[in-house]
C-alpha cells in the first residue's frame, strides 16, 4: 500500500473549492495506486477559521462538505481535517478533528488534544480539547493519528514543555507503531528545520515512521510552507514534498521509501519565496487581481515591487512615482528604471502643487509655529491619498512598503506611507531588505544598483537621511531583535551587544511609543519568529517600567 500526502493550499471558508481540491487529489492518488491519502489540519474549512467558528451556518457547511467528500472518494481512504461537534459539557461547541473516511462514510474521528494559545494561535478560544485519543488500525498498522500541536510536546526534544501530556507518547505506550500528523504549521525563518529535527527525534525515540502533511499557502498574515515529509525509524527523511507550493507525494510504508522533491534552500531564497506566496494568496484570496506600489526610488519599495511582480505577474503591478521638489532626479530615474527592469507599468503623479495647497490652507492655523516634521508628514499623507484614489479608480490593492525596522520605532507616517491593504515587508528588518535585494539581483540587475548603494532617505527635506534620527540599521535591527523577539532588558542588550545604554533605552522608548501606529497598520506577512501583529499583543496605553 502506498500512502499519499496531499499538500494543498486551502482558502478559509471556501468549502466548495477546498472540497473539490481534496476530491481531485484523492482521485489522483487512487489512480496512482495509493490506499490512503492525508490532507492538512482543518483542510475542509481552511486554517485558521478564527471567529467564523461562531457561525452555525459555517459549522453546518463544514459537516455537509465532509459528507460530500466521503461520498466522492470511494476507493481510497482519506484523512483530512475538519470541525466536529464537541461534547456539550465542555462549554465549547466544536473540536478540531481528523476524519478518516472510507467506503463513502466517515469511519473514525480523532480530535486535537493540545490547543496552542501562544504567538499567533488562539485555539482554546473556540475548540474543546480531546480528553483522550485512540489508535487507528489500518492495513496492519496501529496508527497514532495526531493533529499538528499534538506532536509538538516531546520531552526528548523540548527543554521546556508547554503541556503536561504528550499525545504521541500516550499512543506509543498504547501500542502505536506508526505516527500520522496532519498540520497547519505556519512558517517563519528556521521553522522548517526545527520541525524536521523534532519529527526525527520522535521517529528515532520510538523507532517508528513519522508522516507529516502540512498546509501550504498564505492566509492573512500567516504563510504555510508545506514541506511535508516522512521520517524513517532510523531518522532518515525518506519522502519529502516541495516548499511553498502544492504537491502530491507518495510513500511506501513497507519499503520506507518515497518521493524526494527539492525544497527551497537558503535563508534569502526561503524568505523571498514565502513573501511571494503570501502576497499572491493575500491578493487573490481577497478578490483582487492588480496591485499598486508607490515607487520612491528607495530600496524598500523596489523590493516590494519585485515581490509583487513575481507573485502576480508584471502585467498586474503598477508603480506610481509621486515626486516633490525634494525628490532627487536620481530617485525618479531609479524608480522608472526599476519598473522597466520588472516589466511593470509606471505612472508619475507630481504632488508638489497639492503639497503647496495644503501648506497654504494651513498657514493661518500654523502661524507662529516652526516648520518641523509636520510638513514632512503632509507630503507622505498626500502620497497616501493619491495611492488610495488610484486604488479606488483602478480596483487595485495598495501594497505598503515599510519594513520592520521602521515600523518598530515608528519611523513611518500614519495615513501616509502606512496606507494600503497589505504590508508586504513589515516583518523584514532593514538589514534583511538589503540581503533580499542582493539575492533578487543574483542573476541580473532587477533593482538598480544605485537604489541599493545610496544612503536610505525618505526625501522629505533637503539632504535628509534615515541616520539623522536613527542609529545605523545594523545597530537598530540588533536592538529590535533582542527586545521584540527575545524580551531582553535594556541592560542585557547593552551589555551583550556592547551598545551605549542610553541609546538602547531611547530605541526602546520609540518602540513602546509607536504601538498605536502598529495597531493601525495594514496586515503584514509573518516571516520571523515574532512579528508585529496578531502574535504580539501589547497594550497601547501603558507605562512600561521593564
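Screening residue 529 on (1) without any contact (Cβ under 8 Å) to a residue 40 or more places away in the chain; (2) in a loop (DSSP other than H, G, I, E, B) shows it passes everything except condition (1).
For region 350-368, how many residues are touching a helix residue (DSSP H, G or I) at 6+ places or on another chain (Cβ under 9 Å) and either over 30 Å from residue 333 (Cβ atoms) or in contact (Cβ under 8 Å) with a residue 40 or more places away in the chain (or both)? Going through region 350-368 one residue at a time, the tally reaches 2. Could you please let me know if residue 19 is in contact with a helix residue (DSSP H, G or I) (Cβ under 8 Å, 6 or more places away or on another chain) and farther than 29 Å from residue 122 by Cα? No: the conditions fail for residue 19. Residue check: residue 265 meets all listed conditions (1) touching a strand residue (DSSP E or B) at 6+ places or on another chain (Cβ under 7 Å); (2) modelled with pLDDT under 95 but one, namely (1).
Quick one: which of 216, 230, 276 is crowded, with 24+ Cβ neighbours inside 10 Å and closer than 30 Å to residue 418 by Cβ? Working first, answer last.
Numbers: 230 fails: closer than 30 Å to residue 418 by Cβ; 276 fails: crowded, with 24+ Cβ neighbours inside 10 Å.
Residue meeting the stated conditions: 216.
Considering region 300-316, and only residues there that are touching a helix residue (DSSP H, G or I) at 6+ places or on another chain (Cβ under 7 Å) and either in contact (Cβ under 8 Å) with a residue 40 or more places away in the chain or within 15 Å of residue 450 (Cβ to Cβ) (or both), the residue that is surrounded by the fewest Cβ atoms within 10 Å (Cβ to Cβ) turns out to be 300. Of the strands (runs of 3 or more DSSP E) entirely within region 145-226, those holding at least 2 residues that are within 14 Å of residue 114 (Cβ to Cβ) occupy 178-183. For region 25-49, taking the residues that are surrounded by fewer than 15 Cβ atoms within 10 Å (Cβ to Cβ) and touching a residue at least 24 places away in the same chain (Cβ under 8 Å), the one that is nearest to the chain's Cα centre (by Cα) is identified as 32. When region 166-181 is limited to residues that are under 25 Å from residue 47 (Cβ atoms) and touching a helix residue (DSSP H, G or I) at 6+ places or on another chain (Cβ under 7 Å), the one that is surrounded by the most Cβ atoms within 10 Å (Cβ to Cβ) turns out to be 181. Taking the stated definitions as given, is residue 404 modelled with pLDDT of 95 or more, within 22 Å of residue 532 (Cβ to Cβ) and out of contact with any strand residue (DSSP E or B) (no Cβ under 7 Å at 6 or more places or on another chain)? So residue 404 fits the description; yes.
Just one of the listed residues (456, 462) is surrounded by 18 or more Cβ atoms within 10 Å (Cβ to Cβ) and either farther than 22 Å from residue 434 by Cα or touching a residue at least 40 places away in the same chain (Cβ under 8 Å) (or both), and it is 456. Among the residues of region 509-526, those that are part of a helix (DSSP H, G or I) and either under 30 Å from residue 244 (Cα atoms) or in contact with a helix residue (DSSP H, G or I) (Cβ under 7 Å, 6 or more places away or on another chain) (or both) comprise 510, 511, 518. Checking the stated criteria, residue 66 turns out not to satisfy the condition of being under 22 Å from residue 227 (Cα atoms), buried (at least 21 other Cβ atoms within 10 Å of the Cβ) and free of Cβ contacts under 8 Å to residues at least 60 places away in the same chain.
Mind checking which residues of region 80-95 are in contact with a strand residue (DSSP E or B) (Cβ under 8 Å, 6 or more places away or on another chain) and more than 20 Å from residue 122 (Cβ to Cβ)? Correct list: 80, 85. Looking for whichever is crowded, with 23+ Cβ neighbours inside 10 Å and either at pLDDT below 95 or more than 23 Å from residue 393 (Cα to Cα) (or both) here; the options are 330, 297, 319. Which one fits? Testing whether each residue is crowded, with 23+ Cβ neighbours inside 10 Å and either at pLDDT below 95 or more than 23 Å from residue 393 (Cα to Cα) (or both) leaves just 297. Counting only helices (runs of 4 or more DSSP H) wholly contained in region 353-443, the ones carrying 2 or more residues that are surrounded by fewer than 23 Cβ atoms within 10 Å (Cβ to Cβ), on the phi < 0 side of the Ramachandran plot and within 27 Å of the chain's Cα centre (by Cα) occupy 373-394, 430-440. Against the conditions (1) in contact (Cβ under 8 Å) with a residue 40 or more places away in the chain; (2) crowded, with 18+ Cβ neighbours inside 10 Å; (3) within 23 Å of the chain's Cα centre (by Cα), residue 286 satisfies every one except (2). For region 477-497, state whether one or more residues are within 25 Å of residue 334 (Cβ to Cβ), touching a helix residue (DSSP H, G or I) at 6+ places or on another chain (Cβ under 6 Å) and buried (at least 19 other Cβ atoms within 10 Å of the Cβ). Yes, region 477-497 contains at least one residue that is within 25 Å of residue 334 (Cβ to Cβ), touching a helix residue (DSSP H, G or I) at 6+ places or on another chain (Cβ under 6 Å) and buried (at least 19 other Cβ atoms within 10 Å of the Cβ). Whether any residue in region 532-545 is surrounded by fewer than 18 Cβ atoms within 10 Å (Cβ to Cβ), in a helix (DSSP H, G or I), more than 28 Å from the chain's Cα centre (by Cα) and outside the structural domain of residue 286 (by TED's automatic domain parsing) is what I want to check. Checked region 532-545: no residue is surrounded by fewer than 18 Cβ atoms within 10 Å (Cβ to Cβ), in a helix (DSSP H, G or I), more than 28 Å from the chain's Cα centre (by Cα) and outside the structural domain of residue 286 (by TED's automatic domain parsing).
The values are calculated or read from the model by the stated rules, or taken from the named source; none is laboratory data. This is a predicted model, so every value here is computed, not measured. Methodologically, a virtual Cβ is constructed for each residue, glycine included, from the backbone with ideal geometry; neighbour enumeration extends over all protein chains shown.
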